[in-house]
Amino acid sequence: MSDTLPLFGFFARKRVEGMRPRLLRLAYAWCHDIDLSNDLVQEALTKGLTRSSQLRDAGAMESWLFSILNNCWRDHLRTRREFTDISELDEVIFDPAPGPEKQYASRQTAARVRTAIATLPMAQRQVITLVDIEELSYAEVARILEVPVGTIMSRLSRARQALKTSLQTEELGRAPLRRVK
Amino acid sequence: MNKSVSPEYLNAFADGELAADERERAMAQLETDPDFKARACEARMLKEQVKAAYADIPGMIQSSSRTRLNPVWPKAVAAGLLLITGLGSGWLMRGAIDVAPEVDRLAGLPGGYQPISLSAQVDPNKVLLHLDSSDPHRLSTTLDLAEKMLNERKGQRQLAIVVNTYGLNLLRQDTSTEQARIHRLAEEHPSLSFIACGQTIARLKREGVDVVLLPETSVASSAINEILNRMQKGWVYVRV
């Protein structure tokens with residue numbers, strides 16, 4: 001397609017490159033490591049650019065890039081942890097603490113939420129960040145992560161419940177709540 | 001907690017995933033079911049919190065072309081609160097929820113706080129401060145703000161401090177670190193009221209906590225209802 005329509009190729013490249021900040025935010029929400037996020041996004045963009053001629057529907061570009069990013073992330077986890085079973089991978093919690101980047105959180109609340117997100121199993125973490133940060137529909141998230149919509153809904157439900165609990169527990173830890181009897 | 005509404009349904013509502021007819025039913029339910037309203041509101045706020053938590057990430061260069069990236073915290077959360085509750089009353093459809101220009105600079109309110117009103121009918125002399133955190137700094141800031149804003153419009157201004165969730169600590173005898181000051185403020189300013197969320201109190205009691213409130217406190221059925229009722233009457237909302 002890019003052979004016959006060089007201009008389409010040019011604009012597609014611009015649009016793919018323009019997605020960098022959003023991909024970076026998402027990658028960071030998944031791994032909480034800015035260097036790794038940059039690497040993942042670079043890899044995803046490179047793949048996206050080399051394959052941009054495969055993209056028939058320009059409107060689907062965002063989802064398409066998110067799913068490339070998801071694949072890069074999964075590949076990374078597989079190499080690092082030597083996992084072969086995806087379902088096992090989904091249940092694992094990575095980097096429970098958000099680490100030194102905490103200091104970048106402009107406000108305490110953001111840091112608290114990130115800490116809570118970091119305790120979620122990866123499968124839940126990916127769903128809640130795609131739904132909340134990117135505001136994608138359940139169907140889109142299901143396509144990107146290649147799981148049924150029902151699974152998205154149950155993961156989201158567990159993620160929000162866990163998040164709520166961990167934010168509340170954290171507050172309770174700080175609050176001088178006194179139980180009587 | 002109301003078991004009649006499943007978490008999946010609640011999420012679908014908060015995420016805009018319900019079909020049109022279901023959505024209409026849910027919005028009607030907001031009006032009649034305070035528990036559903038509170039839970040929907042909570043779900044919506046959680047969503048906003050997650051989004052805002054990643055608004056700024058390390059090393060992110062703000063692109064000038066595509067900035068869906070810059071929600072200011074208090075505004076994002078307040079907007080989330082209003083969005084879900086406001087939908088039920090149809091305010092959003094009329095585009096009435098806004099940061100009203102006439103209250104953009106509320107007398108006595110320092111920069112960094114976002115006054116929000118329903119622009120149809122707004123009275124800058126009626127101000128509602130909402131506190132939902134037990135952070136000691138925010139507790140004392142709430143009282144600082146209240147005092148400053150009352151002194152700015154002496155005798156003309158009505159001010160309500162509405163607390164829920166962990167903000168309730170401000171008004172509980174066994175947790176409040178500001179009892180003396182609250183007492184003094186209440187004596188000096190008859191137009192100042194302290195309002196606690198009835199649902200938070202009920203929840204704490206269910207958990208076995210003995211809730212004894214300061215004598216200056218009155219109790220509303222729920223903080224969200226109180227906030228919305230007052231805003232409908234022209235009060236300006238500020239989240240501390």
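Things worth noting here:
- Residue match in the range B:2-20 (condition: surrounded by fewer than 14 Cβ atoms within 10 Å (Cβ to Cβ) and not in a loop (DSSP other than H, G, I, E, B)): yes
- Residue within the range A:94-117 that is modelled with pLDDT of 55 or more and farther than 24 Å from B:His137 by Cα present: yes
- Checking each residue in the range B:190-202 for being in contact with a helix residue (DSSP H, G or I) (Cβ under 9 Å, 6 or more places away or on another chain) and either buried (at least 19 other Cβ atoms within 10 Å of the Cβ) or under 23 Å from A:Thr169 (Cβ atoms) (or both) picks out B:Leu192, B:Phe194, B:Ile195, B:Ala196, B:Cys197, B:Gln199, B:Thr200, B:Ile201.
- Qualifying positions in the range B:47-59 - touching a residue at least 12 places away in the same chain (Cβ under 8 Å) and within 7 Å of chain A (Cβ to nearest Cβ): B:Lys47, B:Gln49, B:Lys51, B:Ala52, B:Asp56
- Beta carbons closer than 7 Å, at least 6 apart along the sequence or on distinct chains, pair a first residue in the range B:202-214 that is closer than 15 Å to B:Asn164 by Cβ with a second that is outside any loop (DSSP other than H, G, I, E, B) and aliphatic (A, V, I, L, M) for B:Val211/B:Ile201; B:Val211/B:Leu204; B:Leu213/B:Leu171; B:Leu213/B:Ala196.
- Taking (1) more than 21 Å from B:Tyr113 (Cβ to Cβ); (2) free of Cβ contacts under 8 Å to residues at least 24 places away in the same chain; (3) over 16 Å from the mean Cα position of the chain (by Cα) in turn, B:Asp144 satisfies each apart from (1).
- Candidate set from the range A:132-160 (those that are of a type in the set (D, E, K, R), at negative phi and more than 7 Å from every other protein chain (Cβ to nearest Cβ)); member that is farthest from the chain's Cα centre (by Cα): A:Arg158
- Test: residue in the range B:174-188 that is over 25 Å from B:Arg157 (Cβ atoms), out of contact with any Phe, Trp or Tyr (no Cβ under 6 Å at 6 or more places or on another chain) and surrounded by 15 or more Cβ atoms within 10 Å (Cβ to Cβ): yes
- The range B:226-240 - residue that is of a type in the set (A, V, I, L, M, F, W, C) and under 12 Å from B:Asn125 (Cα atoms) and, of those, surrounded by the most Cβ atoms within 10 Å (Cβ to Cβ): B:Trp235
- Scanning the range B:212-224 for residues that are touching a helix residue (DSSP H, G or I) at 6+ places or on another chain (Cβ under 6 Å) and surrounded by fewer than 19 Cβ atoms within 10 Å (Cβ to Cβ) yields B:Leu213, B:Leu214, B:Glu216, B:Val219, B:Ser221.
- Single unsatisfied condition, B:Ser193 versus (1) farther than 21 Å from B:Ile224 by Cα; (2) of a type in the set (Gly, Ala, Ser); (3) outside any helix (DSSP H, G or I): (1)
The values are calculated or read from the model by the stated rules, or taken from the named source; none is laboratory data. Model, not experiment: these values are computed from the prediction. No Cβ is skipped: glycine too gets one built from the backbone with ideal geometry, and neighbour counts run over all protein chains shown.
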